[in-house]
1. With angles folded into 0 to 90 degrees, how steeply does helix 2-19 sit against the dominant principal axis of the chain? Use alpha carbons for both and round to 10.
2. Can you compute the modelled spin-label distance between Trp197 and Asn441, with each label point 7 Å from Cα toward Cβ, in nm?
3. What is the distance in Å between the Cα centres of region 473-509 and region 405-452?
4. What does the C-alpha gyration tensor say about the overall shape of the chain? Classify as rounded when a/c is under 1.5, otherwise prolate if a/b is larger than b/c, or oblate.
5. Show me 410-419, 175-184, 56-65 ranked by packing, highest mean number of other Cβ atoms within 10 Å first.
6. With label points built 7 Å along Cα→Cβ from the Cα atoms of Ser294 and Asn63, find their separation and express it in nm.
7. Between Asn23, Ser231, Ile184, whose Cα lies farthest towards the positive end of the dipole of the chain when Lys and Arg beta carbons carry +1 and Asp and Glu beta carbons carry -1, centred on the Cα centre?
8. Is region 163-283 rounded, prolate or oblate when judged by the Cα gyration tensor, a ≥ b ≥ c being the square roots of its eigenvalues, rounded requiring a/c under 1.5 and prolate requiring a/b larger than b/c?
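The values are calculated or read from the model by the stated rules, or taken from the named source; none is laboratory data. Treat the numbers as computed from the prediction; the structure is a model and nothing was measured. Because the Cβ atoms are built from the backbone with ideal geometry, glycine has one as well, and the counts that use them run over all protein chains shown. The area values use the complete protein model at the heavy-atom level, side chains included, leaving out ligands, DNA and RNA. Shrake-Rupley method; radii C 1.70, N 1.55, O 1.52, S 1.80 Å.
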Amino acid sequence: MKKLLLTMMAVVTMLMGATAQVNFTVLGDKHVMLKVKQGEKYLLMPVQESEEIAAIAVLNGDNEMVKRLNVKLAIDRVDYYVPLELKGAKLLDIEFHGDRRQKGAVGEFVCWREMKYSSTFDTTNREHFRPIYHHTPQYGWMNDPNGMFYDASRGVWHLYYQWNPYGSQWENMTWGHSTSRDLIHWEAQPTAIEADWLGSIFSGSCVVKGDEVVAMYTSAGHHQTQSLAFSKDGGRTFQKYAGNPVLTTSDVADFRDPRPFWNEDIKAWNLILAAGQEMRIYSSKDLKEWKYESSFGKEYGNHGGVWECPDLFEIKNEKLNIKNWVLICNINPGGPFGGSATQYFVGQFDGHKFTCESMPKVTKWMDYGKDHYATVSFYNAPENRHVVMAWMSNWQYANQVPTKQFRSANSIPRDLGLFRAGEETYVSVVPSKEMLALRGNKVKKPTEACEIVVDVKSQAEIVLSNDKGEQVVMKYDAPKQTFTMDRQKSGIVDFSEAFPCTTVAPTHGIIKQLRIFIDRCSIEVFDTDGKMAMTNLVFPSVPYNKLLVKGGKATIYEVKNEK
């Protein structure tokens, strides 16, 4: 009995101590106000992903709202914590959604006992599936890469991305920011651009203009409009343009993802952005005043979903003596195996109008896996390279994949080129040369992070498996000119009916060698000549440690990921 009483007293003391962390007042069955303890850096908020969002207004000392965010505050259990930086905050006005009759009294929610103040936030990796050499956010949700550019004066690659700092599912869109000197090792930077009263910060791009970095992005409020922000310190901090928004429309709801670029041929800026199921092209002398030039897309390519995240640039192939403009068009849904994917068009562009060289019904996919979306290029890449990265997930199940501290990674960097097959011009895709620096010693067995090079014959089968019997089966069929990957038995697949699948890619001729990149939760396969790419997520319960190759010879390289 004494032991039981001591245990009960300890529990009560613990709960009282936790409750004392925050000072809150219940105003109604869905409404709470929380007075912020002054002098603290963070409020660590407990999240329960299965709950509905709570709308939180952050008020300053003058009772002015300085920020609004949506958080799935914990009702009866805690999945993880997210930090709210408290600078200037005095009061949180919190409104819950959903049926409180099913959830209980708002004052008894577990979030009030578990909220805590802290001077730090622990971002140490706690995820079994967090990649070793792919870019990921330190915590929270990530989707489209944004604003990528290369700073030639400092030798730094900048990667911005759609980010939710307040949960591991889509919400609260801001621009997160990471930098790298080698395209492999990424350093997290402070949040670059946050929401304002024009709306959340959706996708966009950066350009280098003199000594400024200019970001153009979509403000997603009641309507989607285009805004500017300027950076004087190389893209680390931005000041929003007082004249925002700089471009609006009233004829389509989906009007977003601006991609400006300098066009030397017309000595002016061009802009391509997505509008429903077409791409609109504009021109400008100053990035602020835009003139509509033309639209592209009617009856061309795949129209199974909304067109998003465009890009437009010229590629030259000196060996073939050809040069073409490539228009990248990401689409969701409508991908070749369901959900989101990246299609593209090859043609010519005169600064005013894009003309596709293919017949309207021809659809070309940049990657034939399920998990390759929102592909865009780095502005100002050195050596006239066209370096791209993609979001490595699919909207069919991105919110449900089996991670919680973070969700989503970016693909490895890839360089684009051109090749011809039959009467068509296609975009080639190869791992960027920086990936060679990751190659370590040759090893006998695959590991959770490695590169496998396979010299293949006309018929080849490659099976990755583990001691649990989970496996990924890849097949190359030269007579049919196809490459397939079957992940139906790859590991954890039951979080979505759309996840177990087999993906198939045309090879546009003979493949002699494959490069396969494995990194805990992903497999990316490339024809060494660039004629085929396939990206798929996998979630094996234990790493694949067995490799069986029929009709080919494999060399396995360990990954050396030290800086």
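1. Compared with the principal axis, the helix lies near 70 degrees.
2. Simple spin-label model gives 6.3 nm for this pair.
3. The distance from the Cα centre of region 473-509 to that of region 405-452 comes to 17 Å.
4. oblate
5. For the peptides 410-419, 175-184, 56-65, the packing ranking is 410-419, 175-184, 56-65.
6. 5.8 nm
7. Selected residue: Ile184.
8. Oblate shape, in that a/c is at least 1.5 and b/c is the bigger or equal ratio.
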